[in-house]
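Peer 1: Dumping the structure here so I can ask a few things about it.
The values are calculated or read from the model by the stated rules, or taken from the named source; none is laboratory data. As the structure is a computational prediction, the values presented were derived from the model and not from experiment. Positions of Cβ are backbone-derived with ideal geometry, glycine not excepted, and every protein chain shown enters the neighbour counts. Quick note on the areas: whole protein, heavy atoms, side chains included, nothing else; ligands and nucleic acids left out. Shrake-Rupley method; radii C 1.70, N 1.55, O 1.52, S 1.80 Å.
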Amino acid sequence: MRPRCRLYRRRGVYYVHDHLTGKQQSLGTRDRQNALRLLAAKNEAHQQPVLNLQLARVYLTATDPSIALRTWDDVFLAIIKTKHGTTKTRWEVARKDSALKPMLPLRLLETNAQHFLTALDRGTVATNVFLRRIHNFALDMNWLPCTLIPRRQWPAVVYQVKRAITLAEHCRILEREQNPERRRFYELCWHLGASQSDLANLNARDIDWPNQVISYQRCKTGTPALLHFGPQVAEVLRRLPAEGPLFPYLRTVRSCDRATEFKQRCGGLGISGVTLHSYRYAWAERAKAAGYPERFAQEALGHNSKAVHRAYAKRAIVKVPSLEAYEQQEMEKKLLPFPLSGNAASTSPRQVEPPLGAAVSERAA
């Protein structure tokens, strides 16, 4: 039987040539004995693939006794142990994905790329995201001997278009809402831009009335957040309980149930493409359109990354004033009032300003 690979040397370095595919690969050695050993291993790997797989398991088991029995369900459970809060809940939900269920009892050493591609075909965007994560986690932990799907060959993750809720849509939702607690909740979502979980868990003691500040710890990251509020927010807060939770019912409801209730109200009004999270997009876009400093907006929304914050505000419509208006504004700031005598000041209702050309020449000088 003709060997599949043959050995040759180029500029002192040994290479192998695959007769079947025509590909050539460097062995990375100049020693002939080492090159012959590598060549023999390659030829044996093609002649006895099943036996070589068993040999690989024996070698890997010597370093990690559990590697031959570890399944993808074990990988999921190991990741879930490192999470907490809502992130842990999302991972537990992802573990129940119908597209991933056939893979869970599968052993890591028996997995090939086709298993992953089948799951990707059956699943959704979330399947793609979490499959990448468990694959990379297994690689980082040295539980997988090699990459199953190269990074460039993964299907692209394409999310649905996210948009902000408009003021008109927000007003329609408030007019339709009969429940006072939900109505106040939606009002604060519009004014504060906080996430729904953070807002639903607010307590009366979180409000500093003298300084007009709401302080709390974010449910997602645990980091502190400080939000200054104005008269409109103060008016809404005064209509909420003065002690204990601000939203006694909504804080007991799961976030997915709050989102479902909001979606039902939007569906009854014919509003599509918005969720409770759209209020955060709306707040970011309003801040950008109003010229609010980015660092303040980023701190208010709890974004640690500028890139994340800019993704929220990327659809904002900013009205750019003309350069002429800006020049005129700067010119008016630098003009000094003309000194007048007491009689002139009493008789003349307006101050005398130098001609426009003189002011421009003074700026140029």
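Peer 1: Can you check what the net charge comes to around TRP91, using other residues whose Cβ is under 13 Å from the Cβ of TRP91 (Lys, Arg +1; Asp, Glu -1)?
Peer 2: Overall, the nearby charge balance is +4.
Peer 1: Compute log10 of I(q)/I(0) for region 95-219 with the Debye formula, placing one identical point scatterer on every Cα and leaving out solvent, at q = 0.11, 0.14, 0.22, 0.23 Å⁻¹, to two decimals.
Peer 2: Those come out to -0.67, -0.79, -1.24, -1.33, one per q.
Peer 1: Please turn the phi angles of region 222-231 into ³J(HN,Hα) values with the Karplus equation 6.51 cos²θ - 1.76 cosθ + 1.60 (θ = phi - 60°), one per residue in order, whole Hz, x for glycine and proline.
Peer 2: Whole-Hz 3J(HN,Hα) from phi for region 222-231: x, 7, x, 10, 10, 10, 7, 10, x, x.
Peer 1: Averaged per residue, what accessible area in Å² does region 61-178 show with a 1.4 Å probe, protein chains only?
Peer 2: That works out to 62 Å² per residue.
Peer 1: Let me ask something additional. Listed here are the pairs LYS88/LYS288; LYS101/LYS162; LYS81/LYS263; LYS101/LYS263; LYS220/LYS263; which of them are more than 27 Å apart at the Cα?
Peer 2: Over 27 Å apart, Cα to Cα: LYS88/LYS288; LYS101/LYS162; LYS81/LYS263; LYS101/LYS263.
Peer 1: Quick one: 3J(HN,Hα) in Hz for region 270-280, Karplus 6.51/-1.76/1.60 with θ = phi - 60°, rounded, Gly and Pro as x.
Peer 2: Working through the residues one at a time gives x, 9, 10, x, 10, 9, 4, 5, 5, 5, 5 Hz.
Peer 1: Please name whichever of GLY85, THR111, ALA126 sits farthest to the positive end of the charge dipole of region 70-147, dipole taken about the Cα centre and charges placed at Cβ: Lys and Arg +1, Asp and Glu -1.
Peer 2: GLY85
Peer 1: Order TRP209, TRP190, most accessible first, counting only protein heavy atoms with a 1.4 angstrom probe.
Peer 2: Listed by decreasing accessible area, they come as TRP209, TRP190.
Peer 1: Can you pull the percent of region 66-170's accessible area that's carbon plus sulfur, 1.4 Å probe, other chains left in place?
Peer 2: About 54 percent, which is the carbon plus sulfur part of the accessible surface.
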